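Undergrad: Quick one: the structure is below, questions incoming.
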Protein chains: 2
Amino acid sequence: MSKGGFQNVRGTRDFYPDELRQREWLFDHFRAVASRFAFEQVDAPMLEPAELFIRKAGEEIVDQLYHFELHDRHLALRPEFTPSLARMVQARAGGLRLPLRWFSIPQCWRYERMTRGRKREHYQWNMDIWGEPSVTAEAELISACFQLFDAVGLDRQHVTLKVNSRALVEEALRAGPLRDRPEAFAPLCVIIDKIAKIGPDAVTDQLTDAGGLVRLTPGAAADVIAMLGATHLDDAAQHAPKGSEPLAEIRRLFDLLDAYGVADSVCFDAATVRGLAYYTGIVFEAFDTEGTLRSICGGGRYDRLLETLGGPPLPAAGFGMGDVVLSELLADKGLLPNLPLAIDAVVFALEEAERPAAVRLAERLRREGQRVDLVLGLPRLKRVMADADKSGAARVWLIGPDEAARGVATVRDLASGEQREEKLTS
Amino acid sequence: MSKGGFQNVRGTRDFYPDELRQREWLFDHFRAVASRFAFEQVDAPMLEPAELFIRKAGEEIVDQLYHFELHDRHLALRPEFTPSLARMVQARAGGLRLPLRWFSIPQCWRYERMTRGRKREHYQWNMDIWGEPSVTAEAELISACFQLFDAVGLDRQHVTLKVNSRALVEEALRAGPLRDRPEAFAPLCVIIDKIAKIGPDAVTDQLTDAGGLVRLTPGAAADVIAMLGATHLDDAAQHAPKGSEPLAEIRRLFDLLDAYGVADSVCFDAATVRGLAYYTGIVFEAFDTEGTLRSICGGGRYDRLLETLGGPPLPAAGFGMGDVVLSELLADKGLLPNLPLAIDAVVFALEEAERPAAVRLAERLRREGQRVDLVLGLPRLKRVMADADKSGAARVWLIGPDEAARGVATVRDLASGEQREEKLTS
């Protein structure tokens, strides 16, 4: 034990009452938006078989896994929720009415260097749709992200959502640099995802690394990077073959987003590929418009995840939105509320003899649904009134010897300062 | 990976929508009762320094710790919340307004043999009061347990709460078998706590074990067991010295419980000592009256915990109530509700051309706060209506070519079967 007592594990958060109320405020918005989209909440254990999360495409999320051997099992704290969700879907495959619309707010863990907006744990709002193959699912999910932004007071100008299609990128690459090497596509995306963080030179190094998973020639790597510079769909479309299905799909997505009324805040970005290996189609990521924070949320289509886990094919799409980055952004914009403890009544027996009467009164008020702070000790009246003021209580009920003798309590309204007597029922 | 795909870790639970709704129903009651007592919610990470939980009194909870080395640190999944709470109080000691009234609903982990009502994880409602030395705190906590039982529909006859005072037991033992051996008291309680499970003979063996922490003579062990057979306070009082403060305290507690209106469901039981080493005063435990399940909740006073963790002395009392045992009991009594997904509206475009109109309608209804299931594919109308019925939706909004041409939707009320048209605003 250190001299100053125990510390929490580095990178983790304690939630004191003020912080917990902010967290619940945010979670309530997550739940309210999900509910308006008729999504049902689910949950899974934070501890899972480590194998569920281990993929071999060079993803950060796998390198940063909190995993360990325990009782001869290789276990991990979940770094993300999607594999657990896939496990749950698979366990009841056939018995579930499709499409599924499930949401969750799991705590997820990553062992990594801490930076602004990134700790070693965060809570992540997930919304996922299983069983719907068309981009109507992605449009619905993106619309839910914007309803959340609206609900917490983020203006459309504060947030930009970038959209791309991995299928579109893959189609172009398979016609060129990745001909006959489909297995290199997922690791390529994992590398490209880092471009904003590590720059094009470092990305080129990794794409051309002879010992890596992608192994492009320098010329091919340059082509890929140039191609992913497109920020207009029409530019990207030039790489697509005639009658490209992925191209038609992403155009249709933009049409749907228009109907949802969010198209103005969404832009195409060919470099947005996401750092998770399992995405197969549309991918998207939202950022603060000023670009000072990590991504606020990210998601996409992952039609083959269930198969890679040994299940039947089942199309799926979803997103995750972390509480840490979002809270940073809200704090920056002055949108994170300070929520006080709400108390209806403070009940105070001035002397020990009146305590049973105070207990009975508190009990009665609580049965009526009031939030009652029953003073447990015998502090001085002055202290009780000061504390009641600080805690924002609405009323103080006082029972002293005089009140008790007459079977009443003195009720003081703290806002108006008015005082009256009320009969105590026994 | 096993042939049938991944399994969740043994002893852990997935929460599918039906189960999650039941869990939230229970948590909502936890939160509502805590709020009526003016308690504030807090939370801490599930991962803590293992040392925080390791005590050397032979407790089951320590033997069953999920702990491991990771990145050169000895970490553990919390088996209970109280030590984390103590860590949080200590970190801000001096800056916190006393008494603190905090509640939490943490998930806790124990690696143990699974039996009915016990898995390897459970959620535990905790209510704790810090900074109040008198039994008014315990009375408040016990009253909250009963308000919870009432809220979920458990009659007073379904639940019995047993109360004892470790201080009373200690006082009697220090005058006899434990004279000059205060360190043996906590391990003695840990052993006594098992008496209902392993029987008096096994308890005697452990109390007299020459290699153990208690090391009583057989005669002294027999005295202890006889003494703890008392189920009336007056019997236990015979072992108390004149002017016993612990005796006065527990009598006062019963008086207070009378004022709270719960005394009829509370009984004294000298053998209730609790299996955690840190309790110092009043202890209590609630059981289903038929005695078929493990304890529903347990708690007590732990005035010296903060000191043992290196902090200042600060009186405290609290309880934990697990969701697994409570849910078992509620299920047995037919009190666990089946809660359906609540949907206000299903919105369905009969053909692809009407989808944008359906999207705009769904968007509008959601902005009004309605829970809207927007049909994402193009199933047949019959299937949509059947699904809407199954999901308990209130209304179905249909937009076909005919409706679209006239700028309306057909709205069918599923309860009444009535149908009308409503104008679509653009």
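Undergrad: What number of residues within the range A:318-358 satisfy the criterion of being part of a helix (DSSP H, G or I) and closer than 15 Å to residue A:294 by Cα?
TA: Of the residues in the range A:318-358, the ones part of a helix (DSSP H, G or I) are A:323-332, A:352-358.
Now narrow it down to the ones that are closer than 15 Å to residue A:294 by Cα: A:323-332.
So the count comes out to 10.
Undergrad: Within the range A:197-218, how many residues turn out to be aliphatic (A, V, I, L, M) and either outside any loop (DSSP other than H, G, I, E, B) or in contact (Cβ under 8 Å) with a residue 40 or more places away in the chain (or both)? Walk me through how you get there before you give the answer.
TA: Quick first cut of the range A:197-218, residues aliphatic (A, V, I, L, M) only: A:198, A:202-203, A:207, A:210, A:213-214, A:216.
Right, trim to either outside any loop (DSSP other than H, G, I, E, B) or in contact (Cβ under 8 Å) with a residue 40 or more places away in the chain (or both) and you get A:198, A:202-203, A:207, A:213.
Here the count works out to 5.
The rows are residues; the columns are (1) under 22 Å from the mean Cα position of the chain (by Cα); (2) free of Cβ contacts under 8 Å to residues at least 60 places away in the same chain.
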position	(1), (2)
A:234	no, yes
A:240	no, no
A:243	no, yes
A:249	no, no
A:258	no, yes
A:264	no, no
A:278	yes, no
A:289	yes, no
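Undergrad: Still on this structure: Check B:81, B:103 and return the single one that is in contact with a helix residue (DSSP H, G or I) (Cβ under 6 Å, 6 or more places away or on another chain), within 22 Å of residue A:21 (Cβ to Cβ) and buried (at least 19 other Cβ atoms within 10 Å of the Cβ).
TA: B:103
Undergrad: Just to be sure I understand the filter: pairs with C-beta atoms under 8 Å, separated by 6 or more residues or on different chains, first member in the range B:20-32 and within 8 Å of another protein chain (Cβ to nearest Cβ), second member basic (Lys, Arg) and not in a helix (DSSP H, G or I). Which pairs pass?
TA: Listed by first residue and then by second, the contacts come to nothing, as the list is empty.
Let's see how each residue does on (1) of a type outside the set (D, E, K, R); (2) in contact with a helix residue (DSSP H, G or I) (Cβ under 8 Å, 6 or more places away or on another chain):
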position	(1), (2)
B:10	no, no
B:16	yes, yes
B:26	yes, yes
B:29	yes, yes
B:38	yes, no
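Undergrad: As an exercise: evaluate residue A:307 against (1) farther than 30 Å from residue A:21 by Cβ; (2) surrounded by 19 or more Cβ atoms within 10 Å (Cβ to Cβ) and give the number of the one condition it does not meet.
TA: Status for residue A:307: all satisfied but (2).
Undergrad: Right, another one. Consider residue B:84 carefully, then state whether it is closer than 17 Å to residue B:299 by Cβ and outside any strand (DSSP E or B). Spell out how you get there, then give the answer.
TA: Values: closer than 17 Å to residue B:299 by Cβ: yes; outside any strand (DSSP E or B): yes.
It is true that residue B:84 is closer than 17 Å to residue B:299 by Cβ and outside any strand (DSSP E or B).
Undergrad: Sort out which residues of the range B:259-290 are surrounded by fewer than 20 Cβ atoms within 10 Å (Cβ to Cβ) and of a type in the set (S, T, N, Q), and write them in order of number.
TA: Across the range B:259-290, the qualifying residue is only B:289.
Undergrad: Related question: Might you let me know whether the range B:126-138 holds any residue that is under 30 Å from residue B:9 (Cα atoms) and crowded, with 23+ Cβ neighbours inside 10 Å?
TA: Within the range B:126-138, the first condition is being under 30 Å from residue B:9 (Cα atoms), and the residues that meet it are B:126-127.
Still in the list and also crowded, with 23+ Cβ neighbours inside 10 Å: B:126-127.
Among the residues of the range B:126-138, at least one is under 30 Å from residue B:9 (Cα atoms) and crowded, with 23+ Cβ neighbours inside 10 Å, which makes the answer yes.
Undergrad: Could you list all residues from the range A:375-396 that are within 15 Å of residue A:351 (Cβ to Cβ) and among the hydrophobic types (A, V, I, L, M, F, W, C)?
TA: Scanning the range A:375-396 gives A:375, A:376, A:378, A:381, A:384.
Undergrad: Could you list, ordered by first residue, the pairs with Cβ atoms under 8 Å in which the first is in the range A:65-80 and under 11 Å from residue A:52 (Cα atoms) and the second is small (Gly, Ala, Ser) and assigned to a loop (DSSP other than H, G, I, E, B), at least 6 apart or interchain?
TA: From residues that are under 11 Å from residue A:52 (Cα atoms), the pairs are A:78/A:44.
Undergrad: State which residue pairs qualify: first residue more than 11 Å from residue A:130 (Cα to Cα) and more than 9 Å from chain B (Cβ to nearest Cβ) and inside the range A:81-105, second residue modelled with pLDDT of 95 or more and surrounded by fewer than 17 Cβ atoms within 10 Å (Cβ to Cβ) in any location, beta carbons under 7 Å apart, and separation of 6 or more residues or different chains.
TA: A:105/A:27
Undergrad: Out of B:111, B:66, I need the residue that is crowded, with 18+ Cβ neighbours inside 10 Å, of a type outside the set (A, V, I, L, M), within 30 Å of residue B:214 (Cβ to Cβ) and within 11 Å of chain A (Cβ to nearest Cβ). Which one?
TA: Working: B:111 fails: crowded, with 18+ Cβ neighbours inside 10 Å.
B:66 is the lone residue from the list that is crowded, with 18+ Cβ neighbours inside 10 Å, of a type outside the set (A, V, I, L, M), within 30 Å of residue B:214 (Cβ to Cβ) and within 11 Å of chain A (Cβ to nearest Cβ).
Undergrad: As an exercise: evaluate residue A:49 against (1) facing another protein chain (nearest Cβ under 7 Å); (2) closer than 27 Å to residue B:66 by Cα; (3) out of contact with any Phe, Trp or Tyr (no Cβ under 7 Å at 6 or more places or on another chain) and give the number of the one condition it does not meet.
TA: In the conditions (1) facing another protein chain (nearest Cβ under 7 Å); (2) closer than 27 Å to residue B:66 by Cα; (3) out of contact with any Phe, Trp or Tyr (no Cβ under 7 Å at 6 or more places or on another chain), residue A:49 misses (3) alone.
Undergrad: Then there is this: Please verify whether the range A:315-326 includes one or more residues that are surrounded by 18 or more Cβ atoms within 10 Å (Cβ to Cβ), over 19 Å from residue A:193 (Cβ atoms) and acidic (Asp, Glu).
TA: Within the range A:315-326 (the criterion being surrounded by 18 or more Cβ atoms within 10 Å (Cβ to Cβ), over 19 Å from residue A:193 (Cβ atoms) and acidic (Asp, Glu)), the answer is yes, since at least one residue qualifies.
Undergrad: Okay, moving on. For the range A:277-292, which positions are part of a loop (DSSP other than H, G, I, E, B) and within 22 Å of residue A:187 (Cα to Cα)? Spell out how you get there, then give the answer.
TA: Initial filter on the range A:277-292 (part of a loop (DSSP other than H, G, I, E, B)): A:277-281, A:289-292.
A:277, A:278, A:279, A:280, A:281 - these are the residues of the range A:277-292 that are part of a loop (DSSP other than H, G, I, E, B) and within 22 Å of residue A:187 (Cα to Cα).
Undergrad: Check A:168, A:161, A:75, A:173 and return the single one that is touching a helix residue (DSSP H, G or I) at 6+ places or on another chain (Cβ under 7 Å) and surrounded by fewer than 22 Cβ atoms within 10 Å (Cβ to Cβ).
TA: A:75
Undergrad: Right, next: Mind counting the residues in the range B:348-358 that are more than 10 Å from chain A (Cβ to nearest Cβ) and buried (at least 23 other Cβ atoms within 10 Å of the Cβ)? Walk me through it before giving the result.
TA: Within the range B:348-358, the first condition is being more than 10 Å from chain A (Cβ to nearest Cβ), and the residues that meet it are B:348, B:350-351, B:353-354.
Going one step further and asking which of them are buried (at least 23 other Cβ atoms within 10 Å of the Cβ), we end up with B:348.
Number of matching residues: 1.
Residues are listed down the side, and each one gets a yes or a no for (1) touching a Cys at 6+ places or on another chain (Cβ under 8 Å); (2) modelled with pLDDT of 95 or more:
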| position | (1), (2) |
| --- | --- |
| B:92 | no, no |
| B:132 | no, yes |
| B:137 | no, yes |
| B:145 | yes, yes |
| B:162 | yes, yes |
| B:166 | yes, yes |
| B:181 | no, no |
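Undergrad: While we're here: With the condition kept exactly as written, say whether any residue in the range B:224-243 is buried (at least 20 other Cβ atoms within 10 Å of the Cβ), among the polar types (S, T, N, Q) and closer than 21 Å to residue B:295 by Cα.
TA: No, the range B:224-243 has no match at all.
Undergrad: Taking the range B:258-276 as the search range and keeping residues that are touching a strand residue (DSSP E or B) at 6+ places or on another chain (Cβ under 7 Å) and part of a loop (DSSP other than H, G, I, E, B), which one is farthest from the other protein chains (Cβ to nearest Cβ)? Quick ask: steps written out before the conclusion?
TA: Restricting attention to the range B:258-276, the residues satisfying the condition of being touching a strand residue (DSSP E or B) at 6+ places or on another chain (Cβ under 7 Å) are B:265-270, B:272-274.
Now narrow it down to the ones that are part of a loop (DSSP other than H, G, I, E, B): B:269-270, B:272-274.
Numbers: B:269: 23, B:270: 26, B:272: 23, B:273: 25, B:274: 22 Å.
Among those that are touching a strand residue (DSSP E or B) at 6+ places or on another chain (Cβ under 7 Å) and part of a loop (DSSP other than H, G, I, E, B), it is B:270.
Undergrad: Follow-up. Suppose we keep only residues that are in a strand (DSSP E or B), modelled with pLDDT of 95 or more and of a type in the set (Asp, Glu) within the range A:33-81. Which one would you say is nearest to the chain's Cα centre (by Cα)?
TA: A:43
The values are calculated or read from the model by the stated rules, or taken from the named source; none is laboratory data. Given the structure is predicted, the values throughout are model-derived calculations rather than measurements. Every residue, glycine as well, gets a Cβ built from its backbone with ideal geometry; the counts of neighbours run over all protein chains shown.
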